[in-house]
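> Sharing a structure here in structure tokens format.
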Amino acid sequence: MPTQLAVIADPNRWQLLHHLAASDRRVGELTRLLDQPQNLVSYHLRELRTAGLVSSRRSSFDGRDAYYRVDLDRCAAVLQAAGAALDPGLRLGIIPPAPRRGRGPKPRVLFLCTGNSARSQMAEALLVERSDHTIVARSAGSAPKVLHPHAVAVMAARGIDISGNATKHLDRFTGDAFDAVVTLCDKVREVCPEFPGDGAVAHWSIPDPAADGHRAAFEAVADDLEGRIRHLISRLGATHG
């Protein structure tokens, strides 16, 4: 059995991956979700990190805490390799999300960060474009700032024009229902209001590129968002097909 598959096969680690696939989480949250002692959860997280399946970053809200995230692409590669190792005829492949053909309302997603000047604007634009406009996306911030020029430039390099976008306060959407609300900033996660309906709330712990200031930081955020959004489109397609 491939080494990384053996790591995933542990029931506790499988549950950790399942919860992290839905949202970045802190150890305390994972401890409650698994109903296991913190030292045991930390041990399993360490094993997943060693296997390259999970990573962590310090919270920008509370530096004493850390958020863990799963590398879904890496998990997919492990499962594909396991099939091929068992038999060449079992080479597994990832099926790209099919175009949405339902006639019902389009799924609605709200992205939130602090300034609504970079991360959430980029996420909104990427989700609309990469879903071929079959998903409605909105973005807002808890303390809106001016749209960052590097965010505009990075999106333009990907063929997406956000130069005319306005930044908005999250209060504008508190009465609206969404199928998913995604917080991109650790600070905003702590003050995220409730929205009507049964939409899932997820957190993607992504550093503020404006704090770095260099275009490379914005490129890194865009790359991170591209991967996460690809999986979000598949998830929404599976539930709103």
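> Which pairs have Cβ atoms under 9 Å, sit 6 or more apart or on different chains, and link a residue in region 166-179 that is touching a residue at least 40 places away in the same chain (Cβ under 8 Å) and open to solvent by less than 60 Å² (accessible area, probe 1.4 Å) to one that is among the aliphatic types (A, V, I, L, M) and part of a loop (DSSP other than H, G, I, E, B)?
So the pair list comes out as 167/146; 167/147; 179/135.
> While we're on this one: Residues that are free of Cβ contacts under 8 Å to residues at least 40 places away in the same chain and either over 16 Å from the mean Cα position of the chain (by Cα) or buried (at least 19 other Cβ atoms within 10 Å of the Cβ) (or both): find the helices (runs of 4 or more DSSP H) completely inside region 1-59 holding 3 or more of those.
11-22, 27-34, 38-50
> Please verify whether region 192-207 includes one or more residues that are assigned to a helix (DSSP H, G or I) and free of Cβ contacts under 8 Å to residues at least 60 places away in the same chain.
No, the conditions are met nowhere in region 192-207.
> Turning to a different aspect of this structure: Please tell me if residue 23 is of a type in the set (Gly, Ala, Ser) and within 23 Å of residue 230 (Cα to Cα).
Numbers: of a type in the set (Gly, Ala, Ser): yes; within 23 Å of residue 230 (Cα to Cα): yes.
The answer is yes for residue 23.
> Quick one: is residue 151 at pLDDT 90 or above, out of contact with any strand residue (DSSP E or B) (no Cβ under 8 Å at 6 or more places or on another chain), farther than 26 Å from residue 72 by Cβ and surrounded by 14 or more Cβ atoms within 10 Å (Cβ to Cβ)?
No: the conditions fail for residue 151.
> Please state which one of 152, 146 is part of a helix (DSSP H, G or I) and not basic (Lys, Arg).
Residue meeting the stated conditions: 152.
> Restricting attention to region 186-201, does a residue exist that is modelled with pLDDT of 95 or more and within 16 Å of residue 112 (Cβ to Cβ)?
So far as region 186-201 goes, no, none of its residues is modelled with pLDDT of 95 or more and within 16 Å of residue 112 (Cβ to Cβ).
The values are calculated or read from the model by the stated rules, or taken from the named source; none is laboratory data. Just so we're clear, the structure is a prediction, and the values are computed from it rather than from any experiment. Please note: Cβ atoms are built from the backbone with ideal geometry, for glycine as well, and neighbour counts cover all protein chains shown. For the accessible areas, the whole protein counts, side chains as well, though only heavy atoms, and no ligand, DNA or RNA atoms are used. Shrake-Rupley method; radii C 1.70, N 1.55, O 1.52, S 1.80 Å.
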